[in-house]
Amino acid sequence: MNRSLLSIVSVFSLPLALLLGACSAMPPDHPTSASADTPTPPASSQAHAANGLTDASPDLYMMENVSDAPQVVRTGRYQLWELGTSSGQQQLINQVVRVAIPSTLSVTVKGALMHLLAGTGYHLCDGVPPDLANQPLPLTHRNLGPASLQEALQVLAGSAWVLQQDPRRREVCFRARFPAHVGAIDEGGPTRQTNATAAHPDAGESPTANAACPYCASEHAHQARMKTRLDPSLKMESE
């Protein structure tokens, strides 16, 4: 009787001892503040949350290292559709456009630009330089594309103008690539050269011009010597 009682007590005492040892090994609970566990949202998210709006996540225009593997969804037993948007849909300036203006219409460059931007989401600024806006549209520019909107705008404007864009207001404009005096045509017309100037082209050059072009004086002197050798009469006149 005593042996059975001792065996029963030993059977129940072992799990109890293990339980008490596990409880004593657990660290005591420490009160933690809610602010320490909860991450602080960004300032922009807090501002939008005040109006009941939150930023979309993930942000398409802030994503990095986007996988090139296409995402597809099954729409039928043998049909898959690729999910995603094109570059022209994500960035409107990259959308594919085409210009087709009849040759019978008299159109300026500004009119062609407005025709091109119609339906793209972009509009032309009010400050287009008159030197560009009032130019007649070349015949070769009446049919363009398919090309990206950015490329077509630059082609219509030409190499003398730089395309500018404001994605926030969806506005495009142009500025001159070079100052106005660069490449300007002298409207004074050609001047007649005297015999002395013809015989010595470098004689009419001013010191300022020679300073601006150091190698021009030597080049003109070389040309004068060559002309003297070919035509001895010039040498006699100069003497």
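Observations on the structure shown:
- Efficiency of FRET between His123 and Gln71 - r from beta-carbon atoms, R0 30 angstrom, step 0.05: 0.35
- All other residues whose Cβ lies under 13 angstrom from that of Val99 are scored, Lys and Arg at +1 and Asp and Glu at -1, for a net of +1.
- Each residue of region 113-121 was assigned a 3J(HN,Hα) from its phi angle through the Karplus expression (A = 6.51, B = -1.76, C = 1.60, θ = phi - 60°), giving 5, 5, 5, 5, 7, 4, x, 8, x Hz with x at Gly and Pro.
- Nearest-0.05 FRET efficiency for Val96 and Asp55, computed from C-beta distance (R0 25 Å): 0.25
- On full extension, the segment bounded by Arg169 and Ser86 gains 27.7 nm, given 0.36 nm per residue less the C-alpha separation.
- FRET efficiency, Gln79 to Met114 (Cβ-Cβ, R0 35 Å, nearest 0.05): 0.25
- When the surface is traced with a 1.4 Å probe over the full set of protein chains, Arg177 keeps roughly 110 Å² accessible.
The values are calculated or read from the model by the stated rules, or taken from the named source; none is laboratory data. What you see is a predicted model, and the numbers here were worked out from it, not measured in a lab. Cβ sites come from the backbone with ideal geometry, for glycine too, and all protein chains shown count toward neighbours. Heavy atoms of the whole protein, side chains included, go into the accessibility calculation; ligands, DNA and RNA do not. Shrake-Rupley method; radii C 1.70, N 1.55, O 1.52, S 1.80 Å.
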